[in-house]
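Participant: I am attaching a structure below and will ask some questions about it afterwards.
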Amino acid sequence: MRLSALNALAMTALLGLAGGQALAQTERYPGEQALYEAAKPEKTITWYFSIPAAAARALGSEFEQQYPGVTVEGIFAPSSLGYQRFLTETENKQYVADVVSISDFPLMNQLHAAGHLMQHKVPAFDQIPSAFRAGEWGYTPTATELVVIYNANKVTPEEAKLLEQWEGVLDPAFANGRLGVAAMRNCGTCYAGLHMFLDPDPEMQKRFGTDFLKKIADQKPKVYTDVIVALDRVVAGEIDVYFFLHDAAANSKWAVGAPIRWTKPAPTPVFGGGWTAVSANSTRPNGAKLFINWLTGPDGAAAIQKHYGRAILDGVADSRKVAQEPWYVQVKDRYDVDFERWEKTFISYNDIWFDILQQQ
Amino acid sequence: MRHRLLPFRSTNLAWALVGGLVAIIALVPILFAVDSALRVQTPAGLGSEYTLANVESVLFSAQYTRALMRAVTLALVVTFLSTVVGVITAYLISRTDLPGKAVWDILILTPMFLSPFVGLVAWITLGSRETGMINVFLRAVFPFLGDRFALVDIWTWWGIVWVMFLTFCPFVYLFVQGPLRRMDSSLEEAARMCGASHLSTITRITIPLMRPALVATILLIFVMAVEMYTIPGMIGPSFGYITLPWKIVADATLYPIQRGNAAAAGIILLLITLVGMWLQRRLTRKAERFVTVGGKGFRSAPVKLGRLKWPALILCGAYVALAVVLPFVSLTVSSFMRFSSSTLSADIFTAIHYREIFARSDTFAGVMNSIYLSLAAGALCLSIGFLISYGDIKGGNRTARVLAVLGVLPIAVPGFVYSLGIMEMYVRTVLYGTAFVMLLAHVAKLLPYAILVPRAGLLQTSNDLEESARTTGASWFRAFRLVTIPLLKPVLVAVFFFSALNSMKELSASVLLYSPRFPLLSVQTFHATQSGDYQLGAAMSVVQTVIMLAIVVITRIVFRVRLEKGAI
């Protein structure tokens, strides 16, 4: 018995050594092995995330398989909840989170301005498009692409064709309860649509502006304050068409067989929706850096596409199953959001939209 | 000569300890909430300077006052409906010869096992206009009704009222059935012998005697309803109906964060509740007027329903069908589906969600932790709450009297604002992140109910029996253990149930204090539903319901509470 225990110990040590040597021979970036060795004694890192819990768990598992001995403890803290928790803890010197992901860039920017986030240039820095990184501290490994989702059992192919243009939702075919829209203040995706429709650029004003929003309200859409409920209602067939939603959320339902499809009318708002950084006060900084390096690198991108949504890394093709579908389209004309305007107009644009809907 | 019911000198230290504990765990978070209301708001949260701007902007804003009026109106309607139906069902099951009491008793409590959000999701699946199971079923069975026919539409004001009514009705039943069972029927019998009708006896004898329990119940239901944000918050905005609790949650959690406004609005609700509490104490201040359990012994003979038996059975059956059977069928069916659908086919069903619950170590740990935590919170709330109420009503203890007011205050602060206060408090301590903090937070949130609910039972019980025991040489503790506790057993069991079951469902504090090292089923259910996985959330809710049902059944066996025998 003692012998077999010793054998097992020896085998484990040998395997660990072999694994470490294998990693050393195939370092994905300079210093990876040293960082991994430094992270091992830290054992665990805590990640505050805002993507769906199942996806975060799967990403954590993939990381743990690649770096045995370093585990990821995830805490689901969507948007402002994560921000408040992280801020309150940090201000009271309770350094629980090592890596924090928040969907709203303005909140992340405030944490950075307060000095709560670490300067850390990730190895894949140059592969990350500039719209998806902030200085050398914040990175978003996924893109949020705005889509118009529809129930394929309720919308005819001809009607689906209409939805390839934003103006298509104004077609009388979608009036009186077939269309659903979001009116919620906790939703960056929902705001991103308003951000584009109310863009002060004259061309955009001519095409969209408040008139466009009023015409949407004239369709008498069903209004939802929870994007997840709205998605569920399209899946169930309660409403036929819904916007605003993002590609990853739609994909999560399509992947389990829901009869939904979606279009990406041009221009399509695309922005970073999972801003991630290392806490400046992380008590396990090596593990935290190892994790963010992985998440923003090619392996993280592959894992993200396997378990969640579209990765943003240059040179990484969309390997998701949905991308092989004949009806699926990639973004053709990207609309980049302006985060400065986002911060200034978040409330006022939402108020305009809520007022229009109230008057419908 | 009257004995003092508590040996005060020897328990001064104990009262000081209880007082200190209640002050710390219940009051400090409120102080943090008040502090938040008075701080300058910045885009990043709260500043360090103080101001009255938040209070002013809330008090003088049409948006907030309109939202407050809506919340109050909604709460009044829901409280009225829940009280009427809850009291009728409690009366039928506790005081009459209705067949199958034990089964009805469990069934009527069953909706309590669901969190309001999960109950709402079940009713969205059942009552949505186009795809709701009820409307789809009716259109399929009665094609002549047409494709657009809809009997129910949950996305309306009455939809909000309906789901809230179903949520609160079991609470009324739970709070009222204990005092009803303990009531001496001789007064009612005397009224009947003098020629009073059933209705007249109930309105002129039963209800006045029940006043302490009814007032406490109405206050509790009103407070819970006026603070409810999930159901009105999810349905109301679809037709422009924003209530104050939803506005508070939006201010506290959504970008741009306006925690100062949220806290200030929370203080408005605190003031409303304080008025309610003052009224409750005033209406029940002369304790001896409500004594129905005295030294003369009492009988609780069941009222014979006679011809009313069938209407009573139909009423209970209809309630159970609508409040229990339909939502639980909906949830159970959902829990076996891959995604929501109004058309059912074989390929849509799966057992993957249940496999996930029991295969994943964290969800299994969540189940076990939830059981331990709810039992501990239930036991602590019962002990502290009953001690305070007993000291206040029977002991005439000043500390207890103060604690009976202070300990109830957390009920008056909206759950999320109070939970932020709890977090602000514990984050400054070394306890932060431990299971112990979660337990203290749950006790703080549930203690008000544990103080208020036994009050009615204590007011109904005369001091005679305990004093007789003391006169014949029993120590205070012996008299308390052998006389008072057995007399109040149904009320105490109700307090334990309420505290334990609500601890298992508690969300607002748990989400903020959650640690992966102490996973909880309620938070995992929240994570699943917030991630869009309603089917996994439904499966977790089914598991949670089974656990709660087991707790109720086991506790009843342990405490030997058998309604069908009409005995304590």
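Participant: So which helices (runs of 4 or more DSSP H) are wholly in the stretch B:321-403 and hold at least 1 residues that are over 30 Å from residue B:514 (Cβ atoms)?
Facilitator: Here the list reads B:326-335, B:361-390.
Participant: Identify, by number, the condition in (1) under 18 Å from the mean Cα position of the chain (by Cα); (2) buried (at least 21 other Cβ atoms within 10 Å of the Cβ); (3) not aliphatic (A, V, I, L, M) that residue A:240 doesn't meet.
Facilitator: Unmet for residue A:240, out of (1) under 18 Å from the mean Cα position of the chain (by Cα); (2) buried (at least 21 other Cβ atoms within 10 Å of the Cβ); (3) not aliphatic (A, V, I, L, M): (1).
Participant: Which residue out of B:471, B:484 is in contact with a strand residue (DSSP E or B) (Cβ under 8 Å, 6 or more places away or on another chain) and more than 14 Å from chain A (Cβ to nearest Cβ)?
Facilitator: Step by step, each of B:471, B:484 is checked, and only B:484 is in contact with a strand residue (DSSP E or B) (Cβ under 8 Å, 6 or more places away or on another chain) and more than 14 Å from chain A (Cβ to nearest Cβ).
Participant: For the stretch A:152-165, state whether one or more residues are over 22 Å from residue A:238 (Cα atoms), more than 14 Å from chain B (Cβ to nearest Cβ) and not in a strand (DSSP E or B).
Facilitator: Yes, the stretch A:152-165 contains at least one residue that is over 22 Å from residue A:238 (Cα atoms), more than 14 Å from chain B (Cβ to nearest Cβ) and not in a strand (DSSP E or B).
Participant: May I ask you to say which residue of A:258, A:277 is touching a Phe, Trp or Tyr at 6+ places or on another chain (Cβ under 9 Å) and without any contact (Cβ under 8 Å) to a residue 40 or more places away in the chain?
Facilitator: Being touching a Phe, Trp or Tyr at 6+ places or on another chain (Cβ under 9 Å) and without any contact (Cβ under 8 Å) to a residue 40 or more places away in the chain holds for just one of A:258, A:277, which is A:258.
Participant: Out of (1) under 27 Å from residue A:54 (Cβ atoms); (2) within 14 Å of chain B (Cβ to nearest Cβ); (3) not small (Gly, Ala, Ser), what's the single condition that is false for residue A:109?
Facilitator: Here residue A:109 clears every test but (1).
Participant: Continuing with this model, one more query. Please find, among A:234, A:169, A:148, A:227, the residue that is of a type in the set (A, V, I, L, M, F, W, C), within 14 Å of chain B (Cβ to nearest Cβ), touching a strand residue (DSSP E or B) at 6+ places or on another chain (Cβ under 8 Å) and closer than 20 Å to residue A:354 by Cα.
Facilitator: So the residue among A:234, A:169, A:148, A:227 that is of a type in the set (A, V, I, L, M, F, W, C), within 14 Å of chain B (Cβ to nearest Cβ), touching a strand residue (DSSP E or B) at 6+ places or on another chain (Cβ under 8 Å) and closer than 20 Å to residue A:354 by Cα is A:227.
Participant: Something else about it: Hey, can you tell me all the residues within the stretch B:532-568 that are more than 19 Å from residue B:376 (Cβ to Cβ), part of a helix (DSSP H, G or I) and at pLDDT 85 or above?
Facilitator: Residues satisfying the conditions are B:534, B:535, B:536, B:537, B:538, B:539, B:540, B:541, B:542, B:543, B:545, B:546.
Participant: In addition: In the stretch B:120-157, which residues are within 11 Å of chain A (Cβ to nearest Cβ), part of a helix (DSSP H, G or I) and charged (D, E, K, R)?
Facilitator: none
Participant: So, one more: What helices (runs of 4 or more DSSP H), lying completely within the stretch A:278-360, carry at least 2 residues that are within 14 Å of chain B (Cβ to nearest Cβ)?
Facilitator: A:339-358
Participant: Looking at (1) within 14 Å of chain B (Cβ to nearest Cβ); (2) over 23 Å from residue A:345 (Cα atoms); (3) surrounded by 21 or more Cβ atoms within 10 Å (Cβ to Cβ); (4) in contact (Cβ under 8 Å) with a residue 24 or more places away in the chain, can you tell me which one residue A:89 breaks?
Facilitator: Result: residue A:89 passes all but (4).
Participant: So, one more: If you go through the stretch A:95-104 one residue at a time, do you hit one that is at the interface with chain B (Cβ under 8 Å from one of its Cβ atoms), closer than 18 Å to residue A:307 by Cβ and not basic (Lys, Arg)?
Facilitator: No, every residue in the stretch A:95-104 fails to be at the interface with chain B (Cβ under 8 Å from one of its Cβ atoms), closer than 18 Å to residue A:307 by Cβ and not basic (Lys, Arg).
Participant: Given the structure, is residue B:529 within 19 Å of the chain's Cα centre (by Cα) and at pLDDT below 85?
Facilitator: no
Participant: Could you pull out every one of the helices (runs of 4 or more DSSP H) wholly within the stretch B:195-240 that has 3 or more residues that are within 14 Å of another protein chain (Cβ to nearest Cβ) and under 21 Å from the mean Cα position of the chain (by Cα)?
Facilitator: Here the list reads B:230-235.
Participant: Ok, one more. Six or more apart or on different chains, Cβ under 9 Å: which pairs go from a residue in the stretch B:431-443 that's among the polar types (S, T, N, Q) to one that's buried (at least 18 other Cβ atoms within 10 Å of the Cβ) and not in a helix (DSSP H, G or I)? Could you list them?
Facilitator: Final answer for the pair search is B:434/B:515; B:434/B:518.
Okay, residues lined up against (1) small (Gly, Ala, Ser); (2) touching a Leu at 6+ places or on another chain (Cβ under 9 Å); (3) under 11 Å from residue B:118 (Cα atoms); (4) at the interface with another protein chain (Cβ under 8 Å from one of its Cβ atoms):
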residue: B:510; (1), (2), (3), (4): yes, yes, no, no
residue: B:514; (1), (2), (3), (4): no, yes, no, yes
residue: B:518; (1), (2), (3), (4): no, yes, no, no
residue: B:521; (1), (2), (3), (4): no, no, no, no
residue: B:532; (1), (2), (3), (4): yes, yes, no, yes
residue: B:540; (1), (2), (3), (4): no, yes, yes, no
residue: B:547; (1), (2), (3), (4): no, yes, no, no
residue: B:553; (1), (2), (3), (4): no, no, no, no
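Participant: I've got another one for you. Of all residues in the stretch A:172-199, how many are assigned to a loop (DSSP other than H, G, I, E, B) and surrounded by 17 or more Cβ atoms within 10 Å (Cβ to Cβ)?
Facilitator: Residues that pass the stated criteria total 8.
Participant: Sticking with this structure for a sec: On the given criteria, is residue A:94 in contact with a Phe, Trp or Tyr (Cβ under 6 Å, 6 or more places away or on another chain) and farther than 23 Å from residue B:520 by Cβ?
Facilitator: No; evaluated as a whole, the condition is false for this residue.
The values are calculated or read from the model by the stated rules, or taken from the named source; none is laboratory data. These figures come from a predicted structure and were not determined experimentally. Quick reminder, even Gly has a Cβ in these numbers, built from the backbone with ideal geometry, and neighbours come from all protein chains shown.
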